[in-house]
Amino acid sequence: MRVTITEIKQMKHRKEKIPMLTAYDYVTARMVDEAGVPLILVGDSLGMVMLGYESTIPVTMDDMIHHTKAVVRGAKKALIIGDMPFMSYHISLSDALSNAARFIQEGGAQAVKMEGGEVVAEQVRRLVSCGIPVMGHIGLTPQSIHQLGGFKAQGKAMKEAKKLLDDARILEEAGAFAIVLECTPAPLSELITQKLTIPTIGIGAGPGCDGQVQVISDILGLYTDFVPKHARQYARLAGEIRNAVADYMSEVKSLAFPTDEQSYTMDESIIKQLQAENVDDVVASEAKQSKCR
Ligand code: KIV
């Protein structure tokens, strides 16, 4: 049985921290799921860490559905959340609903995430009323990077901090089952967490949140173009991969790879016949004989 939003909400009430990770492909999703992570986000961060874009803005619905399907095939236990990409939920309520429905029906996800507070409250209400669980996302919202003027902490000043607190309350009231707080000061995140009955999931938001989310490529040390302040590397896979590729190249060049162990054998006599000048005649006569039998 998959994890449900009810179980996630109960974790807050039991004061049990909620780990969440992103995944974008079958193999990784399978490993994350086997490790027991209850929430997997198919984040639009895939635009940067999988597709090499400079931001999440170019990511399309088709990109997201393609990766969501792969993650769903790999992860059988975790609750999978599809991240609604830039402008897939702002233009109209009906757009928001039909794009969210694609994540659930085509992608196989169990929930969607959208960025923004009050500005998306109506969309959250509509989706939830149609049976689609929604995770909110406030603070640093990467789809608004041009408006925010860069990847930086949000809510340090009184006015912005109050706005984030209000947004969190509005999202809860609209029916969101959890809210991501991204790059918000730790004391503010803690206050928001105390004021809400639904879980907060922090990324660069301090230890006071109900859960934590990280981009898988950051914690594995796979994406090294930019390592955010809030990430900790639990492995350095980029270096491991570079070394493995260099070893492979040098063994191919030195003939150390492949050996008999990685090769297939066949009857020596067939090779001898193939080497013979009259190979076509031999094959034709064998075919004739087998037809007559
Ligand atoms: O796209 C993403 O990976 C996210 C997380 C950083 C929360 O939105």
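Structural remarks
- Relative packing of peptides 277-284, 167-174, 90-97 - highest average C-beta neighbours within 10 Å first: 167-174, 90-97, 277-284
- Extension gain from Leu274 to Asp25, taking 0.36 nm per residue of separation minus the Cα-Cα distance: 85.2 nm
- Each peptide in 134-143, 154-163, 266-275 was scored by the mean count of other Cβ atoms within 10 Å over its residues; highest first, the order is 134-143, 154-163, 266-275.
- A full extension of the chain between Asp267 and Ala35 corresponds to an added length of 79.0 nm, given 0.36 nm per residue minus the alpha carbon distance.
- Each helix, a run of at least 4 DSSP H residues, gives -39500 (n - 2.57); summed and divided by the residues of the chain, these come to -13000 deg cm²/dmol at 222 nm.
- Considering only beta bridges that DSSP places wholly inside the chain, some 5 percent are antiparallel.
- Whole-number accessible area per residue in Å² for the chain, which is evaluated in the context of all protein chains at 1.4 Å: 55
- Label zone at Asp225, where the point sits 7 Å out along the Cα-to-Cβ direction: region 58-77 residues whose backbone N lies under 14 Å: 58-59
- Fraction of accessible area attributable to carbon and sulfur, the chain (%, probe 1.4 Å): 56
- Packing around the peptides 27-35, 253-261, taken as the average count of other Cβ atoms within 10 Å per residue, puts them in this order, highest first: 27-35, 253-261.
- For the pair Phe257 and Met158, label points projected 7 Å from Cα toward Cβ lie 6.3 nm apart.
- For Ala178, residues with placed amide H under 5 Å, excluding near neighbours: Gly136
- Shape category assigned to region 5-241 from the gyration tensor of Cα positions, a/c cut at 1.5: rounded
- Under the Karplus curve 6.51 cos²θ - 1.76 cosθ + 1.60, θ = phi - 60°, whole-Hz ³J(HN,Hα) for region 137-153, x wherever Gly or Pro sits: 7, 10, x, 6, 10, x, 5, 9, 4, 5, 6, 7, x, x, 7, 9, 4
- Dipole moment magnitude, nearest 20 debye, region 193-293 about Cα centre, only Lys, Arg, Asp, Glu C-beta charged: 700
- Taken about its Cα centre, the chain carries a charge dipole of roughly 1260 debye when the Cβ of each Lys and Arg holds +1 and the Cβ of each Asp and Glu holds -1.
The values are calculated or read from the model by the stated rules, or taken from the named source; none is laboratory data. From a predicted model like this one, the values you see are computed outputs, not experimental measurements. Neighbour counts are summed over all protein chains in view; Cβ atoms, including those assigned to glycine, are modelled from backbone coordinates with ideal geometry. Just the protein is used for accessible areas: all its heavy atoms, side chains included, with ligands, DNA and RNA removed. Shrake-Rupley method; radii C 1.70, N 1.55, O 1.52, S 1.80 Å.
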